[in-house]
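Working notes, structure below.
Each reported figure results from applying straightforward, stated rules to the coordinates on display, with no laboratory input. As the structure is a computational prediction, the values presented were derived from the model and not from experiment. Backbone-built Cβ (ideal geometry, glycine too); neighbour counts: all protein chains shown.
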Amino acid sequence: MANVLILGALSDVAKALAHEYAFNKHTIMLAARQYQRLEPMVSDLKIRYNIQAYALEFDAEKFETHEQFYNQLPLSPDVVICVFGYLGNTDKGLEDWTEAKKIMDVNYVGAVSILNVAASFMLKHNTQGTIIGISSVAGERGRQSNFLYGSAKAGFTAYLSGLRNKLFYHGIHVLTVKPGFIKTAMTEGMPLNPKLTATPQHVAKAIYRAAAKKQNVLYVLWMWRYIMCIIRSIPEGMFKKLKL
């Protein structure tokens, strides 16, 4: 069984992933900034699934701590899942650089920082593991409603593609996940089409299966692949007039 590190473990998707991997008898390391809040889930996972589980302190924005964090993990990870993200407020980000920087730091810089450490560790220790990054369909084309978030996710998607290319011949697999809409605390109150919206449990099961099959890119709901194909094909002269 694998040792699984979940970064950003307080999110709804991360919790579902923890249960999915624990159900399949993997050891779980949960990492988050407010790591004390993970303790009840760690206790539940241990009792419910009879596995080892750990709660760890991790801050995506404290880049200088990432290498030390990884080197001091209780177990060497076979699977690393980067779940953390920050939707932020695009309008606020236009006026307030602190908000814009946070969107970019969490969704791109922090993710690249910790996954660079993970990839380097796997290469040095000849670990044929798996790295999973939760990106977004928002990164496929900039839209006025969330272009700061989308631009960070576009960069993250490109990073994961290059990392997959870099690590392939070393036996390390990289999976890019583009979930589309998910019914979570982050999207609460948003007018989401239920037919285009996945649950965290659906996302977790799809990720588990895709990683096992060494799939490269996962659209959790199949229709998002075609929706984004249509959106990418709209000429820029027309696209800039749309309110999306």
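Observations on the structure shown:
- Peptides 138-150, 107-119 ranked from most to least packed give 107-119, 138-150, packing being the mean of other C-beta atoms within 10 angstrom over each peptide's residues.
- Rg and Dmax of region 6-109, based on Cα coordinates, read 15.2, 50 Å.
- Degrees separating the helix 110-124 axis from the principal Cα axis of the chain, which is the longest one: 40
- Relative to the dominant Cα principal axis of the chain, helix 39-49 is inclined by about 70°.
- Each of Ile172, Ile47, Ile81 has some number of other Cβ atoms within 10 Å of its Cβ, and from fewest to most they run Ile47, Ile172, Ile81.
- Cα-based helix-to-principal-axis angle, 147-167 vs the chain, degrees rounded to 10: 50
- The eigenvalues of the Cα gyration tensor, multiplied by 5 and square-rooted, give region 58-161 an equivalent ellipsoid with semi-axes of 28, 15, 9 Å from largest to smallest.
- Radius of gyration, Dmax [the chain; alpha carbons; angstrom]: 17.7, 57
- Least to most buried among Lys15, Lys25 (fewest other Cβ within 10 Å first): Lys25, Lys15
- A full extension of the chain between Gln128 and Glu95 corresponds to an added length of 7.4 nm, given 0.36 nm per residue minus the alpha carbon distance.
- Separation of the Arg48 and Asn71 label points, Cα + 7 Å toward Cβ, nm: 3.6
- Where the alpha-carbon atoms of region 116-158 are placed on the principal axes, they occupy 44, 13, 11 Å, in descending order.
- Whole-angstrom gap from region 59-80 to region 84-125, using each part's C-alpha centre: 15
- Here the simple spin-label model places points 7 Å from the Cα toward Cβ, and for Lys62 and Ser120 these points are separated by 1.9 nm.
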